[in-house]
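Asks: Got a structure for you, questions after.
What follows draws every value from the coordinates through simple rules; no lab data is involved. Treat the numbers as computed from the prediction; the structure is a model and nothing was measured. Every residue, glycine among them, receives a Cβ derived from its backbone with ideal geometry; neighbour counts consider all protein chains shown.
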Amino acid sequence: MTPKEIFEDQIATRLQNPAQQAKAKEIDAVYQFNVNGDDGGQWVVDLKECKVSAGTAAAADCTITVGSADFVNLVQGKVPGPQLFMMGKLQVSGNMGLAMKLGSVLGG
C-alpha cells in the first residue's frame, strides 16, 4: 500500500460516504500532508469540501509532515500518531488541536 492509494482511494472514497461527510464537516478543516521518501508526495484533505487532491493548499489549517513508511504504518494502525510525533518522525504545524483529530480523518 502506498500513500497515494491511501489518499486517492481510501480517504477519497470514505469522504463520499454521507455519514463520513457529516463527521468531516464537524472538523471543518483543511489538512496539508507532506509525505517524504519513496512513494511520497503532497496531498490536501479538505474536510470543508469533503475532497482529496494531490498538491498543496494555500491556506491549510494543519500541516503534517511524515515519512512514507511511517505514514502507511500509521494508517494501518501499526504505530500510533503520538508515538511518531514523540519520536520526531511526524511533524505538525498549524492547529495542533486538529492534529489530535487526525485518527478520525485517516482511519474513519
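Asks: Please go through the range 41-50 and pick out each residue that is touching a residue at least 12 places away in the same chain (Cβ under 8 Å) and either more than 13 Å from the chain's Cα centre (by Cα) or farther than 16 Å from Pro3 by Cα (or both). Walk me through how you get there before you give the answer.
Replies: Restricting attention to the range 41-50, the residues satisfying the condition of being touching a residue at least 12 places away in the same chain (Cβ under 8 Å) are 41-48, 50.
Listed by number, the residues that qualify are Asp46, Leu47, Lys48, Cys50.
Asks: Additional query: Of the residues in the range 75-87, how many are more than 14 Å from Glu5 (Cα to Cα) and assigned to a helix (DSSP H, G or I)?
Replies: Step one: list which residues in the range 75-87 are more than 14 Å from Glu5 (Cα to Cα), which gives 77-87.
Pick out the ones that are also assigned to a helix (DSSP H, G or I) and you get 81-86.
Looking only at that region, the number is 6.
Asks: Can you run down the residue pairs with Cβ atoms below 7 Å, 6 or more apart or on separate chains, where the first is in the range 19-35 and farther than 22 Å from Leu90 by Cα and the partner is charged (D, E, K, R) and crowded, with 19+ Cβ neighbours inside 10 Å?
Replies: Sorted first by the residue in the range 19-35, then by its partner, the pairs are Gln20/Arg14.
Asks: Residue by residue through the range 61-71, note down the ones that are under 11 Å from the mean Cα position of the chain (by Cα) and either part of a helix (DSSP H, G or I) or among the polar types (S, T, N, Q) (or both). Explain how you work it out, then say what you get.
Replies: Going through the range 61-71, the residues under 11 Å from the mean Cα position of the chain (by Cα) turn out to be 62-66, 71.
Across the range 61-71, the qualifying residues are Thr63, Thr65, Phe71.
Asks: Okay, moving on. Check the range 33-40 and report whether any residue there is over 18 Å from Met1 (Cα atoms), of a type in the set (D, E, K, R) and surrounded by 14 or more Cβ atoms within 10 Å (Cβ to Cβ).
Replies: No, the range 33-40 has no match at all.
Asks: Please go through the range 58-78 and pick out each residue that is in contact (Cβ under 8 Å) with a residue 60 or more places away in the chain and in contact with a strand residue (DSSP E or B) (Cβ under 7 Å, 6 or more places away or on another chain).
Replies: Pass one, the range 58-78, residues in contact (Cβ under 8 Å) with a residue 60 or more places away in the chain: 68, 71-72, 75-76.
Passing the criteria: Ser68, Phe71.
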